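Since every read-out is calculated from the coordinates, none of them should be taken as a lab result. Fair warning: this is a prediction, and the values are worked out from it, not measured in the lab. We place every Cβ from the backbone using ideal geometry, glycine too, and count neighbours over all the protein chains shown.
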């Protein structure tokens, strides 16, 4: 089994590092992230014969981790289940009376979006911005945009309403826009 990547220390070190970053971003609890990664790696090592090579080994192990993360999220108490728009930031300041972008808050043109998207530093800034989101918004945004959950799955997993989910996604996108504008595109916050 010398050719098995799961027994290659370099592969495992790299994989574990990436898994831990991903789990920590999702769970925002280092101990729970570590536990999820350990359980996923143990599950992969113990169930190696179930790997059918329909995807890369890395993708297979990460899918095990995603399932562990979902299990942790489902097991948590509903901690941010309701949204009170009256206590929210002044989101209306971004829009005019006709629900269009207010002149001074309209997204600016990006000079070279393709180059920015391909730049490794952009993704580091994006990850930092994503990590700064409030826990509920960051979790919901990542479940939707990274893990590919649909709205019903997110609502069922977290025990929230569809309206709450969309509000949290909206907040996350606005906060990411502001953070990336200030920290990457050089726009005034």
Segment residue 183-residue 30, length gained on full extension (0.36 nm per residue, minus Cα span): 52.5 nm
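Can you run the Rg to Rh ratio on the range 5-75? Use alpha carbon positions and the Kirkwood inverse-distance Rh.
0.96
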Inter-label distance, nm, simple model (7 Å from Cα along the C-beta direction), residue 161/residue 174: 1.8
Percent breakdown of C-alpha pair distances by 5 Å bin, ordered from the shortest bin, for the range 129-189: 4, 21, 28, 21, 13, 7, 5, 1
Between the range 129-184 and the range 1-56, the Cα center-to-center distance that results, in Å: 25
Two-decimal log10 I(q)/I(0) for the range 1-43, as the Debye equation yields it once each C-alpha is a single scatterer, q = 0.34 Å⁻¹: -1.12
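What ranking do 55, 137 get, fewest neighbouring Cβ atoms within 10 angstrom at the top? List each step's numbers first, then the result.
Working: 55 12, 137 22.
By the 10 Å Cβ count, ascending: 55, 137.
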